[in-house]
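S.K.: Quick one: the structure is below, and I'll ask about it shortly.
The values are calculated or read from the model by the stated rules, or taken from the named source; none is laboratory data. Bear in mind that the values here come from a model prediction, so they are computed numbers and not experimental data. Cβ coordinates were reconstructed from backbone atoms using ideal geometry, including for glycine residues, and neighbour counts include every protein chain displayed.
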Amino acid sequence: MRFVTAAALAAFVFANAGPARAEDPVVRGEKLYGLCTQCHGPEAAGDPLSLAPAIAGLPAWYVEAQLKYFKGGARGTHPDDKGGLRMYPMSLALKSDSDISAAAAYVASLPRTRPPVTVQGDAAKGANSYKTCAACHGPDGNGNQALNAPSLVGSSDWYLVESLKKFKAGVRGGNTGNQNAILMRGMALSLADDQAINDVVAHIMTLRD
């Protein structure tokens, strides 16, 4: 009789127990981000010596997409992309799409940082060039998910400069597996020279004020 009662009680508890709560993706992402801190830093503020840009506060959809590009080889495999070549093997540590989503959620949860200004350019001239960029990234630089354009506010200026140079040279934007980068390369080619790149980035840095 005692055995029957105990069995019945166990069955009742099991039947009324809810499903195990899944770990919060941001909490899980924080654990996964531990590997990223060696380059991007604990606050995701970046480190130019490690060729790692500030990424704190980037939208999760964008971070997730870039991690998938890295992992799939559509980004970070060009021999002249030193920063990308470092990032490509790191992305392989994320074993599943769930890992990627969690890591992206954590990065997006971090408050934007304010990287120091290191690039010298004419922001007034850059404002004119940025009118083309604003069509996707917005006049305030906060991006537009519908156009796959990330926020530029809070970015490292040196990284923006290097990225534009890579797009112009075909180091980025030459892989057919990343159509968004191909579109961005066309936009970068509208900037006549390195000074024009510095100028537009100088303007972008004013958007965070």
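S.K.: Inspect all residues belonging to the range 115-137 and state whether any of them is touching a helix residue (DSSP H, G or I) at 6+ places or on another chain (Cβ under 6 Å) and within 22 Å of Val63 (Cα to Cα). Walk me through how you get there before you give the answer.
M.R.: Within the range 115-137, the first condition is being touching a helix residue (DSSP H, G or I) at 6+ places or on another chain (Cβ under 6 Å), and the residues that meet it are 117-119, 121-123, 125-127, 129-130, 136.
Subset that is within 22 Å of Val63 (Cα to Cα): 136.
Looking for residues that are touching a helix residue (DSSP H, G or I) at 6+ places or on another chain (Cβ under 6 Å) and within 22 Å of Val63 (Cα to Cα), one finds at least one in the range 115-137, hence yes.
Here is a yes/no grid of residues against (1) buried (at least 18 other Cβ atoms within 10 Å of the Cβ); (2) under 21 Å from the mean Cα position of the chain (by Cα); (3) part of a loop (DSSP other than H, G, I, E, B):
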| position | (1), (2), (3) |
| --- | --- |
| Lys168 | yes, yes, no |
| Arg172 | yes, yes, yes |
| Ala181 | yes, yes, no |
| Met184 | yes, yes, no |
| Ser190 | no, no, yes |
| Gln195 | no, no, no |
| Asp199 | yes, no, no |
| Met205 | yes, yes, no |
| Arg208 | no, yes, yes |
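S.K.: Please go through the range 121-172 and give me each residue that is closer than 27 Å to Ser109 by Cβ and hydroxyl-bearing (Ser, Thr, Tyr), ordered by number.
M.R.: Within the range 121-172, Ser151, Ser155, Ser156, Tyr159, Ser163 qualify.
S.K.: While we're on this one: Of all residues in the range 44-96, which are among the hydroxyl-bearing types (Ser, Thr, Tyr), without any contact (Cβ under 8 Å) to a residue 40 or more places away in the chain and within 17 Å of Ser155 (Cα to Cα)? Even if it seems obvious, please write down each step before you answer.
M.R.: Of the range 44-96, the ones among the hydroxyl-bearing types (Ser, Thr, Tyr) are 50, 62, 69, 77, 88, 91, 96.
In the following step, the residues that additionally are without any contact (Cβ under 8 Å) to a residue 40 or more places away in the chain were identified as 50, 88, 91, 96.
Of everything in the range 44-96, just one residue is among the hydroxyl-bearing types (Ser, Thr, Tyr), without any contact (Cβ under 8 Å) to a residue 40 or more places away in the chain and within 17 Å of Ser155 (Cα to Cα), namely Ser50.
S.K.: Being more than 25 Å from Leu51 (Cβ to Cβ) and in a helix (DSSP H, G or I) is the filter here; which residues of the range 137-163 pass it?
M.R.: The answer is Gln145, Ala146, Leu147.
S.K.: Test Ser101 against the stated conditions and say whether it is closer than 18 Å to Ala44 by Cβ, without any contact (Cβ under 8 Å) to a residue 40 or more places away in the chain and not basic (Lys, Arg). Walk me through how you get there before you give the answer.
M.R.: Details: closer than 18 Å to Ala44 by Cβ: yes; without any contact (Cβ under 8 Å) to a residue 40 or more places away in the chain: no; not basic (Lys, Arg): yes.
When the stated conditions are applied, Ser101 does not pass them.
S.K.: Only residues that are polar (S, T, N, Q) and closer than 21 Å to Asn142 by Cβ: list them for the range 178-209, please.
M.R.: If we filter the range 178-209 for residues that are polar (S, T, N, Q), which is where we start, we get 178-180, 190, 195, 198, 206.
Listed by number, the residues that qualify are Asn180, Thr206.
S.K.: For residues that are over 17 Å from the mean Cα position of the chain (by Cα), not in a helix (DSSP H, G or I) and not hydroxyl-bearing (Ser, Thr, Tyr), tally how many sit in the range 96-136.
M.R.: 6
S.K.: Follow-up. Can you find even one residue in the range 68-75 that is part of a loop (DSSP other than H, G, I, E, B), among the hydrophobic types (A, V, I, L, M, F, W, C), modelled with pLDDT of 95 or more and within 22 Å of Lys168 (Cα to Cα)? Even if it seems obvious, please write down each step before you answer.
M.R.: In the first step, residues of the range 68-75 are kept if they are part of a loop (DSSP other than H, G, I, E, B); the result is 73-75.
With among the hydrophobic types (A, V, I, L, M, F, W, C) added as a condition, the list becomes 74.
Subsequent filtering for residues that are modelled with pLDDT of 95 or more retains 74.
Remaining after also requiring within 22 Å of Lys168 (Cα to Cα): 74.
Yes, some residue in the range 68-75 is part of a loop (DSSP other than H, G, I, E, B), among the hydrophobic types (A, V, I, L, M, F, W, C), modelled with pLDDT of 95 or more and within 22 Å of Lys168 (Cα to Cα).
S.K.: Among the helices (runs of 4 or more DSSP H) contained in the range 1-62, which hold 2 or more residues that are at pLDDT 50 or above and crowded, with 17+ Cβ neighbours inside 10 Å? Quick ask: steps written out before the conclusion?
M.R.: Details: elements: 2-16, 25-33, 37-40.
Hits in the range 1-62: 25-33, 37-40.
S.K.: Sticking with this one: Given the conditions (1) over 14 Å from the mean Cα position of the chain (by Cα); (2) more than 18 Å from Gly41 (Cα to Cα), report the number of the one that Ala93 does not fulfil.
M.R.: (2)
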